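This report refers to the structure that appears directly beneath it.
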Amino acid sequence: MSEATIADAFPPSAAAQEEREDFSSITPLGRSALLGSIVVVALCGIVYELIIGAISSYLLGNSVYQFSITIGFFMFAMGAGSYASQHIRDRLIYNFILVEIVLAIIGGVCSISLFVAFPFSPALYTTVMMGFILTIGFLVGLEIPLLTRILAQSSGTRRSIASVMSLDYVGALIGSVAFPLVLLPSLGLVRASFAIGVANVFVALMTLHFLKANVARSRRLGQAACGVLVGLLILIALGAKITAFAQHHLYFDDIIWKKQTPYQSLVVTRDWKKNDLRLYIDGHLQFSQSDEHRYHEALVHPVMSFPGPVENVLILGGGDGLALREVLKHNGVARVDLVDIDPAMTALASEFAPIKSLNEGVMDDARVEVHHKDAFVFIQNAPVRYDRVIIDMPDPHDAAISKLYSVEFYSMIKAALSPEGLIVTQSSSPFFARRTFWSVGATIDAAFEATQAYNIAIPSFGVWGFHLGAQNEQTLNAAPPVTVPTKFWNEQVFAGARVFPEDIARPSKTIVNSIFEPQLYQLYLDDMRKPL
């Protein structure tokens, strides 16, 4: 039977006839434009995913959880979009362009919308976040099947699938690398989403330009795309003001300095009536000028005042220079290595006048050497043996920070200590995060022969706790005298700080945190969620 006879015997269904568009007129340049679109749309999709995950990590903490939820539901929505694409039977190029325009609008405003939603309630934020994840994922899921079908009808199914899938992976790679290295540090989260929206509109306009002959109502589509492009470009131009608007939703005081770095969002605010300077990292308060002396004196002076040499000191974290200010009050300090992964943080401490005034310019002291490295990596190759190690890290709100509260980390610090060396770490609040605090203590117990817990009241934070670790029990037997000028700390305060009332006393069950079983960050999140 001839092909013509077969065709006559089995005519195509109405749906198949409807779907079969003539793409034979697509020029090689038009096909190249479609292939280039694949790289761009894949880049845009992965960056939207990263933006939503990053914002949720900044605002809610627990980056592993937030990125897992974002990626999981995004992939699910992409699958739903891919499945739904089969119901688009005709006008494939028109619908592809329309998807790009809609995606540019929704993806472009996702970042600012999330920041605005957050202050109202966690439930509203979660609802908005899931709405964006599912909607953007669904639209991204439509893109590749539509492009594949267009290319398949112009160059064959096998070749088109191979080209589409390979270029899709290339675009995802470019997007995942460009986000932390280029987009985030140069544009920030809000303007980055606007810029990626522009990229989607660019794809729409490029497709429309090269395949105009294959698109019905192309003029109307072009006008819509140009309108969205102009709107997004205006938003990018106003990006600084829009970002400031979003940030003022998060902070009560006036923002006087801000910077988005590859590592974190840094914001300095000031209450002009109280002359109170505050530093926030990823939306979390790090210190308040009104009472930071309580925290930093309690962190530094106990460990620095115990008998023994204090020649070599290591500060892990503390890029604001405030712990360093207290360290340099002690005689005998010859070298201080300050390890903070973010150069912007130490630049803020050494160059921004209000912070520099607060830390008394100690970042310029000749005894201080700053290292922009991960503390976990630095301690593995410590340049000297340290007499004192001061750990001033954020609370263990995600797996990445939790490793800095692990028995392996403390054991590496122990190996880098001199025979009479001591360590101290801030350990969160024994009142608001009781199980977390005492699990940090149990982890230090597993690494050091002698440990000691103490707590103080800080108006900006409430009850706050610390842990000391030493090589032998005799070192921590008696409260050492404080021989340097302080505003708050003395021997009597230390004696009282070692008393834990029943409601913050050590519970019967504690965990030892390990990088192999990182349970601490989940415990911290559970503590933060539980009612008081």
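The range 396-463: Rg/Rh from Cα coordinates, Kirkwood Rh?
Using Cα coordinates only, the ratio equals 0.98.
Give me the three principal axis extents of the range 100-150 from the C-alpha atoms, as integers in angstrom, largest value leading.
For the range 100-150, the Cα spread along each principal axis is 44, 16, 9 Å.
Residue-wise, which Karplus ³J(HN,Hα) couplings in Hz belong to the range 259-272, taking 6.51 cos²θ - 1.76 cosθ + 1.60, θ = phi - 60°, and x for glycine or proline?
With coefficients 6.51, -1.76 and 1.60, one gets 7, 9, 10, x, 9, 6, 9, 10, 9, 10, 10, 9, 8, 5 Hz.
Go through the range 59-71 residue by residue and turn each phi into a ³J(HN,Hα) via Karplus (6.51, -1.76, 1.60, θ = phi - 60°); whole Hz please, and just put x for glycine and proline.
So the J values, rounded to whole Hz, are 7, 10, x, 6, 4, 4, 5, 5, 5, 5, 5, 4, 5.
Using a 1.4 angstrom probe on heavy atoms only, work out the carbon and sulfur share of the accessible area of the chain in %.
Accessible surface attributable to carbon and sulfur in the chain totals 60 percent.
Take the alpha carbon atoms of the range 387-426, find their center, do the same for the range 90-132, and report the distance between the two centers in whole angstrom.
With the range 387-426 and the range 90-132 each reduced to a Cα centre, they are spaced 41 Å.
Suppose we take every Cα in the range 339-458 and form the convex hull; what volume per residue is that in Å³?
Convex hull volume per residue, Cα atoms: 133 Å³.
List the residues, sorted by chain then number, that are 5 or more residues from Gln286 or on another chain and whose placed amide H is less than 5 Å from its amide H.
Those lying under 5 Å, H to H, from Gln286 are Leu279, Tyr280, Ile281.
Rolling a 1.4 angstrom probe over the protein heavy atoms, how many square angstrom per residue are accessible across the chain?
The answer is 43 Å² per residue.
Counting only protein chains, not ligands or nucleic acids, how are His372, His296 ordered by accessible area (probe 1.4 Å), most first?
Values: His372 85, His296 5 Å².
Order by accessible area, largest first: His372, His296.
Apply the Karplus curve 6.51 cos²θ - 1.76 cosθ + 1.60, θ = phi - 60°, to the phi angles in the range 85-95 and return the couplings in whole Hz, x for Gly and Pro.
Karplus-based 3J(HN,Hα) across the range 85-95 equals 4, 5, 7, 8, 9, 9, 6, 5, 5, 4, 5 Hz.
Which whole number of Å³ per residue matches the convex hull of the alpha-carbon atoms in the range 283-376? Could you put the intermediate results ahead of the total?
Working: hull volume 9.9 nm³, N = 94.
That works out to 105 Å³ per residue.
Taking +1 at the Cβ of each Lys and Arg and -1 at the Cβ of each Asp and Glu, which of Leu348, Val362, Val310 sits farthest along the dipole of the range 300-362 towards its positive end, judged by Cα position relative to the Cα centre?
My answer, from the dipole projection, is Val310.
State to the nearest 20 debye the size of the charge dipole of the chain about its Cα centre, where the only charges are +1 on K and R beta carbons and -1 on D and E beta carbons.
1240 debye
Quick one: work out Rg over Rh on the C-alpha atoms of the chain, Rh as Kirkwood radius.
Rg/Rh for the chain comes to 1.10.
Volume per residue, Å³, of the convex hull around the alpha-carbon atoms of the range 225-293?
Convex hull volume per residue, Cα atoms: 101 Å³.
Based on Cβ point charges of +1 for Lys and Arg and -1 for Asp and Glu, what charge dipole magnitude is obtained for the range 403-496 about its Cα centre, in debye rounded to the nearest 20?
380 debye
Within the chain, what percent of beta bridges assigned by DSSP are antiparallel, to the nearest 5?
60 percent
Select from Gly197, Ser265, Ile444 the residue farthest towards the positive end of the dipole of the chain; place +1 on Cβ of Lys and Arg, -1 on Cβ of Asp and Glu, and compute about the Cα centre.
Gly197
Hey, what angle do you get for helix 157-178 against the long axis of the chain, alpha-carbon based, 0 to 90 degrees rounded to 10?
It works out to around 30 degrees.
Return the long-range amide H neighbours of Ser265 (sequence gap of 5 or more, or a different chain), with a cut-off of under 5 Å between placed amide H atoms.
Asp282
Helix 184-210 sits at what angle to the longest principal axis of the chain, using alpha carbons and giving 0 to 90 degrees rounded to 10?
10 degrees
Near the amide H of Leu417, under 5 Å away, which other amide H atoms are found, from residues 5 or more places off or on another chain, if H is placed in the peptide plane?
Amide H neighbours of Leu417: Tyr386.
How big is the charge dipole of the range 280-420 about its Cα centre, in debye rounded to the nearest 20, if each Lys and Arg gets +1 on its Cβ and each Asp and Glu gets -1 on its Cβ?
Around 380 debye, computed over the range 280-420.
Straight-line reach only, C-alpha to C-alpha below 18 angstrom: list the aspartates and glutamates that Lys274 could link to, leaving out same-chain residues fewer than 8 apart.
The reachable aspartates and glutamates, counting only those whose Cα sits under 18 Å from Lys274, are Asp253, Asp254, Asp291, Glu292.
Using +1 at the C-beta of Lys and Arg and -1 at the C-beta of Asp and Glu, which of Phe466, Asn331, Met130 has the Cα lying farthest in the positive direction of the dipole of the chain?
Farthest towards the positive end: Met130.
At q = 0.20, 0.21 Å⁻¹, what is the log10 ratio I(q)/I(0) for the range 115-234, with the Debye formula run over Cα points and no solvent?
Scattering profile of the range 115-234, log10 relative to I(0): -1.35, -1.38.
The values are calculated or read from the model by the stated rules, or taken from the named source; none is laboratory data. None of the values given here were measured: they were computed from a predicted structure. All Cβ positions, even for glycine, are placed from backbone atoms using ideal geometry, and neighbour counts span all protein chains on display. Calculation scope for accessible area: heavy atoms of the full protein, side chains included, ligands and nucleic acids excluded. Shrake-Rupley method; radii C 1.70, N 1.55, O 1.52, S 1.80 Å.
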